[in-house]
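K.L.:
Handing you a structure now.
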Amino acid sequence: MKYTYYPGCSVKSTANLYQESIDAVVPAMGVELEELDDWNCCGATAYMSVNEMMSFAISARNLAMAEKFHRDVVTPCSACYLVLNKTNRYFNDYPEVRKKLGVALEAGGLSYSGNIRVRHILDVIINDVGLEKITGLASRKLEDLNVAPYYGCQIVRPMYYGFGAGEENEEGFDDPDDPVCMDRLIEATGATCVKYSMKTKCCGSSLIGTEEKQALKLCRGILADAENNGAHCIVTICPLCQMNLDVYQPKVNSLFGTKFDIPVIYFTQLIGLAMGKQPKELGLERLAVKMTRPMKQILQGA
Amino acid sequence: MLEREVVYESVLDHDFLDEIYSLPGGHEIKKCIQCGTCSGSCPQGAVMDYAPRKIFSLIRAGFRDEVLESNTIWYCSSCYSCAVRCPKEIKITDVMYALKRIAIKEGKAKKGRKASALSKNFVRMVNKYGRNHETELMARYILSAEPFNALNFVPQGWRLFSNGRLPLMPHKIKNIEQLRKILKKIDELEEM
């Protein structure tokens with residue numbers, strides 16, 4: 001299965017551990033990711049709060065360049081997933097948007113027909129690779145590891161809300177309020193899935209830079225709920241969620257007097273651990289909140 | 001909170017509603033039934049000047065400045081919780097982003113000083129390199145919005161840097177000229 005890969009800026013820097021784990025696990029699943037040459041930033045939600053049409057235009061450049069390969073575009077970042085899908089949706093639904101983008105792309109020597117499907121790597125692994133394949137690849141016993149799935153916001157809600165393009169993607173690939181696909185994935189790796197209520201609550205996203213206290217409050221809620229339900233670690237799919245919950249966890253502790261010590265890892269790192277790979281190959285040594293002793297003992301089968 | 005207790009018809013801005021209606025999907029706010037599902041779903045509702053339900057009511061009543069100068073639009077983190085639950089399927093998140101753009105354009109983003117500084121610096125990064133350079137973005141943001149609070153960002157920066165997650169050099173795309181041509185054309189079209 002070959003896809004056009006749109007990494008996004010984060011996995012090239014603060015989320016490089018995500019990329020390392022993706023590189024380590026996808027070949028065994030039969031997934032080939034060919035990086036889109038010279039892709040540009042999707043603009044995230046920041047660009048569209050300054051100029052929406054320009055935000056669509058920069059995303060449209062990526063979609064136009066991807067179109068000649070006639071393959072689905074796959075991204076590991078929830079924000080890129082949202083923005084590229086939103087651009088597709090506005091391009092297809094609003095003639096005035098389509099017209100402007102067409103003219104602008106032409107100025108750059110490009111054209112786009114609106115037919116490229118953009119998917120999240122979680123969707124591809126769950127629905128194209130399949131959970132049986134994941135179970136088949138799992139060699140390390142993880143049943144004592146309690147894993148809390150954290151979906152964040154951008155993965156299923158915006159699609160349900162109407163940004164999903166293409167028949168199969170119409171309402172996204174899971175429920176907007178109670179998604180379960182990652183729960184099933186955790187079970188497929190052999191680990192134990194923690195049930196908790198904060199799995200789709202907002203982590204604060206970019207408010208962490210601008211309204212830090214409010215974002216930390218949201219992070220505290222997620223960490224507390226996961227901890228109270230016995231999680232050894234949290235598994236996520238989004239670079240910004242991971243950064244807020246991981247890099248800012250010590251700050252949550254100092255602000256609220258809590259003692260959270262919960263590693264926040266990417267779902268591809270969990271798959272890699274189940275496949276018996278070493279933490280270093282999966283970028284796990286780059287976590288700000290390091291793997292705890294109980295977690296290491298479980299991984300060593302002690 | 002609302003400072004004008006008595007509001008005279010003459011000071012209200014009825015064009016504001018037309019402005020919102022003219023956005024793609026914007027006319028849907030006509031359908032708002034003031035049920036409050038959006039405000040109840042909003043993770044930031046408690047710290048907003050007006051939670052989303054009130055914002056819609058204020059827009060429809062023509063309280064232009066109150067809406068644009070509120071902290072509400074800057075606390076929206078686009079989590080889409082309100083939007084997926086709205087029984088009238090109003091594109092609430094898109095309306096919030098439209099309000100951010102109008103507030104920035106008209107210099108009314110006082111309460112969004114920091115958030116708009118972050119967004120504007122982000123745009124600068126993309127226009128300069130074609131990609132975001134997170135290290136430079138944060139440095140520029142701190143200098144422009146929170147210079148006296150710079151130390152507050154050091155521990156997180158160090159945690160990223162010491163784990164090899166903070167590249168110092170930006171990556172510039174090869175065909176930045178093409179991206180700039182596309183953006184320039186949009187700029188021309190929007191001026192028309």
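The values are calculated or read from the model by the stated rules, or taken from the named source; none is laboratory data. Only a predicted model underlies this, so the values are computations on that prediction, with no experimental measurement involved. For neighbour counting, all protein chains shown are included, and Cβ atoms are generated from backbone atoms with ideal geometry for every residue, glycine included. Heavy atoms of the whole protein, side chains included, go into the accessibility calculation; ligands, DNA and RNA do not. Shrake-Rupley method; radii C 1.70, N 1.55, O 1.52, S 1.80 Å.
K.L.:
Rounded, prolate or oblate: which fits chain B, taking a ≥ b ≥ c as square roots of the Cα gyration tensor eigenvalues, rounded meaning a/c under 1.5, else prolate when a/b beats b/c?
P.N.:
Here chain B falls in the prolate category.
K.L.:
Could you check the simple spin-label distance between B:His171 and B:Asp13, using points 7 Å along Cα→Cβ, in nm with one decimal?
P.N.:
Once both label points are built, they end up 4.2 nm from each other.
K.L.:
With every protein chain left in place, what is the accessible area of A:Val194 in Å² (1.4 Å probe, nearest 10)?
P.N.:
Its accessible surface works out to 10 Å², give or take rounding.
K.L.:
Sticking with this one: Setting aside same-chain residues fewer than 8 positions from A:Lys99, which lysines have a Cα under 18 Å from its Cα?
P.N.:
Hits, sequence-local ones excluded: A:Lys86, B:Lys181, B:Lys184, B:Lys185.
K.L.:
Rounded to the nearest 0.05, what FRET efficiency is calculated for B:Ser22 and A:Lys68 with R0 set to 41 Å and r the Cβ-Cβ distance?
P.N.:
Calculated transfer efficiency: 0.70.
K.L.:
In addition: Label the range B:113-191 by shape, choosing from rounded, prolate and oblate, from the square roots a ≥ b ≥ c of the eigenvalues of the Cα gyration tensor; if a/c is under 1.5 it is rounded, and otherwise prolate applies when a/b is larger than b/c, oblate when it is not.
P.N.:
oblate
K.L.:
Excluding same-chain residues fewer than 8 positions from A:Lys12, which lysines have a Cα within less than 18 Å of its Cα?
P.N.:
Filter leaves A:Lys280, B:Lys128, B:Lys172, B:Lys174.
K.L.:
Also: Among all helices in chain A defined by DSSP H, which have a length of 27 Å or more along the axis from Cα atoms plus a Kyte-Doolittle mean of at least 1.6?
P.N.:
none
K.L.:
Same structure, new question: About its Cα centre, how strong a charge dipole does the protein assembly as shown have in debye, to the nearest 20, once Lys and Arg get +1 and Asp and Glu get -1 at the Cβ?
P.N.:
Result for the protein assembly as shown is approximately 1140 debye, rounded to the nearest 20.
K.L.:
A further question follows. Beyond 21 Å, what share of the Cα-Cα pairs of the range A:130-299 remains, rounded to the nearest whole percent?
P.N.:
That tail contains 47 percent of the Cα-Cα pairs.
K.L.:
Taking Cα atoms, how many degrees apart are the long axis of helix B:52-61 and the longest axis of chain B, rounded to 10 and kept between 0 and 90?
P.N.:
Here the helix axis deviates by roughly 60 degrees.
K.L.:
Moving on. What's the carbon and sulfur percent of the range B:1-101's accessible surface, probe 1.4 angstrom, rounded to a whole number?
P.N.:
49 percent
K.L.:
Also, I was wondering about something else. So what J values fall out for the range A:132-139 if you push phi through Karplus, 6.51 cos²θ - 1.76 cosθ + 1.60 with θ = phi - 60°, rounded to Hz, Gly and Pro as x?
P.N.:
Using θ = phi - 60°, the values come out as 4, 4, 4, 4, x, 7, 6, 10 Hz.
K.L.:
How far apart, in nm, are the 7 Å Cα→Cβ label points at A:Asp178 and B:Lys128?
P.N.:
4.8 nm
K.L.:
Can you tell me the orientation of helix B:134-145 relative to chain B, as the angle in degrees between its alpha-carbon axis and the longest Cα principal axis, to the nearest 10?
P.N.:
That works out to roughly 60 degrees.
K.L.:
If you don't mind, there's one more thing I want to ask. What accessible area per residue comes out for chain B, rounded to a whole number of Å², with a 1.4 Å probe?
P.N.:
On a per-residue basis, chain B sits at 50 Å².
K.L.:
How big a patch of accessible area, both sides summed and in Å² to the nearest 100, lies buried between A and B at a 1.4 Å probe?
P.N.:
Counting both chains, the buried surface is close to 6000 Å².
K.L.:
Moving on to the next point. Just to verify a number: what accessible area does B:Thr37 come out at with the full protein assembly present, 1.4 Å probe, Å² rounded to tens?
P.N.:
B:Thr37 has an accessible surface of roughly 50 Å² with all protein chains in place.
K.L.:
Roughly how far apart, in whole Å, are the Cα centres of the range A:67-130 and the range A:256-290?
P.N.:
31 Å
K.L.:
Using only helices, what value at 222 nm comes out for chain A when you add -39,500 (n - 2.57) per DSSP H run of length 4 or more and divide by the total residues, to the nearest 500 deg cm²/dmol?
P.N.:
The helix contribution divided over chain A gives -12500 deg cm²/dmol.
K.L.:
Further question: What percent does the relative contact order of the range B:113-191 come to when contacts are Cα pairs within less than 8 Å and at least six residues apart?
P.N.:
Computed value for the range B:113-191: 35 percent relative contact order.
K.L.:
Hey, can you grab everything whose amide H is under 5 Å from the amide H of A:Tyr266? Only 5+ residues off in sequence or another chain; H modelled, so Pro and N-termini drop out.
P.N.:
Amide H neighbours of A:Tyr266: A:Thr236.
K.L.:
Please find the FRET efficiency linking A:Phe256 to B:Ser144, where r is the Cβ-Cβ separation and R0 is fixed at 35 Å, and quote it to the nearest 0.05.
P.N.:
0.75
K.L.:
Nothing charged except the Cβ atoms of Lys and Arg (+1) and of Asp and Glu (-1): what's the magnitude of the dipole of the range A:130-299 about its Cα centre? Round to the nearest 20 debye.
P.N.:
So the dipole magnitude of the range A:130-299 works out to roughly 960 debye.
K.L.:
Next question, about the same structure. Go through A:Leu63, A:Leu33 and list them by solvent-accessible area, largest first, probe radius 1.4 Å.
P.N.:
A:Leu33, A:Leu63
K.L.:
Turning to a different aspect of this structure: I'd like the Karplus ³J(HN,Hα) series for the range B:31-43: coefficients 6.51, -1.76, 1.60, θ = phi - 60°, whole numbers in Hz, and an x wherever there's a Gly or Pro.
P.N.:
7, 4, 9, 6, 7, x, 4, 4, 5, x, 8, 6, x
K.L.:
If you don't mind, another one. Leaving out ligands, DNA and RNA, and with a 1.4 Å probe, what % of the accessible surface on the range A:1-145 is carbon or sulfur?
P.N.:
C and S fraction of accessible area: 48 percent.
K.L.:
Taking 8 Å as the Cα distance limit and 6 or more residues as the minimum spacing, I'd like the relative contact order of chain A as a percentage.
P.N.:
20 percent
K.L.:
Any chance you could get the radius of gyration and Dmax over the Cα atoms of the protein assembly as shown, in Å?
P.N.:
22.1, 76
K.L.:
Just name one of A:Thr189, B:Gly164, A:Val156: the one whose Cα is farthest towards the positive end of the charge dipole of the protein assembly as shown (beta-carbon charges, Lys/Arg +1, Asp/Glu -1).
P.N.:
The listed residue farthest towards the positive side: B:Gly164.
K.L.:
Continuing with this model, one more query. Using protein chains only and a probe of 1.4 angstrom, how many square angstrom of A:Thr258 are accessible, to the nearest 10?
P.N.:
Roughly 40 Å² of A:Thr258 is accessible to a 1.4 Å probe.
K.L.:
Rounded if a/c is under 1.5, else prolate if a/b is larger than b/c, else oblate: which is the range A:28-78, with a ≥ b ≥ c the root eigenvalues of its Cα gyration tensor?
P.N.:
Prolate, because a/c is 1.5 or more and a/b exceeds b/c.
K.L.:
Further question: Counting only helical runs of four or more DSSP H residues, what would the 222 nm mean residue ellipticity of chain B come to if each run contributes -39,500 (n - 2.57) and the total is spread over all its residues?
P.N.:
Only helices count here, giving -15500 deg cm²/dmol.
K.L.:
Could you name the lysines whose alpha carbon sits less than 24 Å from that of A:Lys217, not counting residues in the same chain fewer than 8 places away?
P.N.:
Within reach: A:Lys195, A:Lys199, A:Lys201, A:Lys251, A:Lys259, A:Lys290, B:Lys54, B:Lys100, B:Lys110, B:Lys111, B:Lys114.
K.L.:
Still on this structure, I have one more. Have a look at A:Gly204, A:Gly102, A:Gly257 and tell me which one the Gaussian network model of chain A (Cα, springs below 10 Å) gives the largest fluctuation.
P.N.:
Looking only at A:Gly204, A:Gly102, A:Gly257, the biggest GNM fluctuation is shown by A:Gly257.
K.L.:
Can I ask one more? With all protein chains present and a 1.4 Å probe, how do A:Lys100, B:Lys100 order by accessible area, largest first?
P.N.:
A:Lys100, B:Lys100
K.L.:
Still on this structure, please answer the following. Collect residues whose amide H, placed 1.01 Å from N in the peptide plane, falls under 5 Å from the amide H of A:Lys2; neighbours closer than 5 in sequence don't count.
P.N.:
Close amide H contacts, sequence-distant or interchain: A:Glu32.
K.L.:
Same structure again: Could you give the longest part of chain B that holds none of the GluC sites (Glu not before Pro) found in DSSP loops with at most 10 neighbouring Cβ atoms within 10 Å?
P.N.:
The answer is B:6-192.
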